[in-house]
Amino acid sequence: MSFTAALKRLGIDTMVFVDARADAWSSLRLPNVRVEPLGSPEELPDFLRGQPPCRLLFHTLVPDAVIGELRAQGHFAIAFAHMPLYGRDPRPLAPFDLVLAGSRHVIASLRAAGIDRVHPQPLYAVAQLDRSGADSGPLRARSRYDWDRRKFRDRTLEVLEPLWRRLISEREFVRRPGLTLGIVSRITPIKQFPLLFAHLAPVLARHSTVQLEIFGSGGFASVRDLDRALRPIREKVRFWGHQQDVGAVYRSIDFLLTGLPEKEALGLNVIEAQACGTPVLAPDAPPFDETVMHGATGLRYRDPREDGGADFENALELLLEGGFRFDKDSAKVHLARFSEDAFVERVRTLLEALASAGPGRVAAPS
């Protein structure tokens, strides 16, 4: 949505090709954007045959043959790398004329894998706290699971869970005394929460006034593994499931706690939290060195896999002693790069680079 909004501000007409089976697009606000459903990516060359050359941005990878046919028609194919490669096969990105990324961390992973057609400027992201359908009432516990309907087990549990939830009283969020750390994220393997808490749970267990609130949902296995890792501090932990009103969530916690860094692309939740005035606790590693201003908008601590959580405990004790204050003036400057205006300017720079590009190459500022 941020990308189409930026293109609109720059006077660029946009058409969005979507999977015909996806019905979520009807709920999104995409003013002056034509949404065209396709049965499969293989339909795209026929759809565009005879059309003037287009700049095509792919958020999902498509077969090499499709990209080859589109390029033969004179179109310019761009891929968006949403995640650092981190062991992933880079070959699906090879046919594209250009690859975009959301952080310098992702750019570095692409270049390390031999992908040289990379736009040198990260696009970053824009905090979107006014999501459609956001609640205005109190936060209430919801399901912690995202059921995978391809699996018989998940389809069965999806039917049974609402019946089970009717037997328990509905929980409304009320802050507990002490320092509140919060996870606001989908619970997925890339966050590596179970591994994180294998190191942090013993530290948290030593601090009786620290609480952990988890706002987010995930697959059955991801939630199960996180639950197991949190058993030593079970009395400190509450799950609240996915919440629409993320602004209210961030304002309900004292610090946002991130996952481990290397598989993370940028961390939109990190930007959103700081935009709400909520500081962040994150490992001192990319991409968090791009998004968390240490000592001003949060604290970065040494990776707990290196020191067993010792530096995390130092940070925690600083917080408990009241030794940290969110620096609003520094935050304003720091967060300006994640504003809508800054994003539009980065898109403008990208378009200027594309306008200067010839076949098989892209001219872009370093």
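The values are calculated or read from the model by the stated rules, or taken from the named source; none is laboratory data. Keep in mind it's a predicted model, so treat the numbers as computed, not measured. When we count neighbours, we look across all protein chains shown, and the Cβ atoms used for this are built from the backbone with ideal geometry, even at glycine. The protein model used for the area step is the full one, side chains on, heavy atoms only, and it has no ligands, DNA or RNA in it. Shrake-Rupley method; radii C 1.70, N 1.55, O 1.52, S 1.80 Å.
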Handout entry: Qualifying residue in the range 267-286 (condition: modelled with pLDDT under 95, more than 23 Å from residue 174 (Cβ to Cβ) and surrounded by 24 or more Cβ atoms within 10 Å (Cβ to Cβ))
Key = yes
Exercise for the section: Quickly run through the range 290-335 and pick out the residues that are surrounded by fewer than 18 Cβ atoms within 10 Å (Cβ to Cβ), farther than 26 Å from residue 127 by Cα and among the aliphatic types (A, V, I, L, M). Expected result: 310, 318, 320
Exercise for the section: Kindly state which helices (runs of 4 or more DSSP H) lie completely within the range 41-119 and contain at least 2 residues that are open to solvent by less than 70 Å² (accessible area, probe 1.4 Å) and in contact (Cβ under 8 Å) with a residue 60 or more places away in the chain. Expected result: 104-112
Handout entry: Qualifying position, being touching a residue at least 24 places away in the same chain (Cβ under 8 Å), more than 23 Å from residue 84 (Cα to Cα) and hydrophobic (A, V, I, L, M, F, W, C), among 351, 335
Key = 351
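Residues checked against (1) touching a strand residue (DSSP E or B) at 6+ places or on another chain (Cβ under 8 Å); (2) assigned to a helix (DSSP H, G or I); (3) under 18 Å from residue 215 (Cβ atoms):
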| position | (1), (2), (3) |
| --- | --- |
| 157 | yes, yes, no |
| 160 | no, yes, no |
| 164 | no, yes, no |
| 168 | no, no, no |
| 176 | yes, no, yes |
| 181 | yes, no, yes |
Handout entry: Filter pass, residue 315 being in contact (Cβ under 8 Å) with a residue 12 or more places away in the chain, over 30 Å from residue 12 (Cβ atoms), in contact with a Ser or Thr (Cβ under 9 Å, 6 or more places away or on another chain) and hydrophobic (A, V, I, L, M, F, W, C)
Key = no
Practice task
Find the residue count for the range 204-236, including only residues that are of a type in the set (A, V, I, L, M), crowded, with 19+ Cβ neighbours inside 10 Å and under 23 Å from residue 175 (Cβ atoms).
Solution key: 7
Exercise for the section: Answer yes or no as to whether residue 207 is touching a helix residue (DSSP H, G or I) at 6+ places or on another chain (Cβ under 7 Å) and in a loop (DSSP other than H, G, I, E, B). Expected result: yes
Exercise for the section: Among the numbered conditions (1) in contact (Cβ under 8 Å) with a residue 40 or more places away in the chain; (2) open to solvent by 50 Å² or more (accessible area, probe 1.4 Å); (3) assigned to a loop (DSSP other than H, G, I, E, B); (4) more than 23 Å from residue 270 (Cβ to Cβ), tell me where residue 128 comes up short. Expected result: (4)
Completion exercise
Within the range 279-290, residues touching a residue at least 60 places away in the same chain (Cβ under 8 Å) and either out of contact with any Pro (no Cβ under 9 Å at 6 or more places or on another chain) or more than 17 Å from residue 196 (Cβ to Cβ) (or both) come out as 281, 290
Fill in the blank from the handout: Contact list, first residue from the range 148-175 and open to solvent by 90 Å² or more (accessible area, probe 1.4 Å), second anywhere and assigned to a helix (DSSP H, G or I), beta-carbon distance below 9 Å, six or more apart or interchain, is 149/155; 149/158; 151/220; 153/220
Exercise for the section: Examine the range 192-202 for a residue that is small (Gly, Ala, Ser), at pLDDT 95 or above, open to solvent by less than 20 Å² (accessible area, probe 1.4 Å) and assigned to a loop (DSSP other than H, G, I, E, B), and state whether such a residue exists. Expected result: no
Exercise for the section: Could you tell me whether the range 153-160 includes any residue that is touching a helix residue (DSSP H, G or I) at 6+ places or on another chain (Cβ under 9 Å), at pLDDT below 95 and not acidic (Asp, Glu)? Expected result: yes
Exercise for the section: Give the range 261-288 a look and list any residue that's among the aliphatic types (A, V, I, L, M) and under 23 Å from residue 86 (Cβ atoms), or say none. Expected result: 265, 266, 268, 270, 271, 280, 281, 282, 285
Problem - Residue tally, condition open to solvent by less than 80 Å² (accessible area, probe 1.4 Å) and either of a type in the set (Val, Ile, Thr) or part of a strand (DSSP E or B) (or both), over the range 30-40 - result: 5
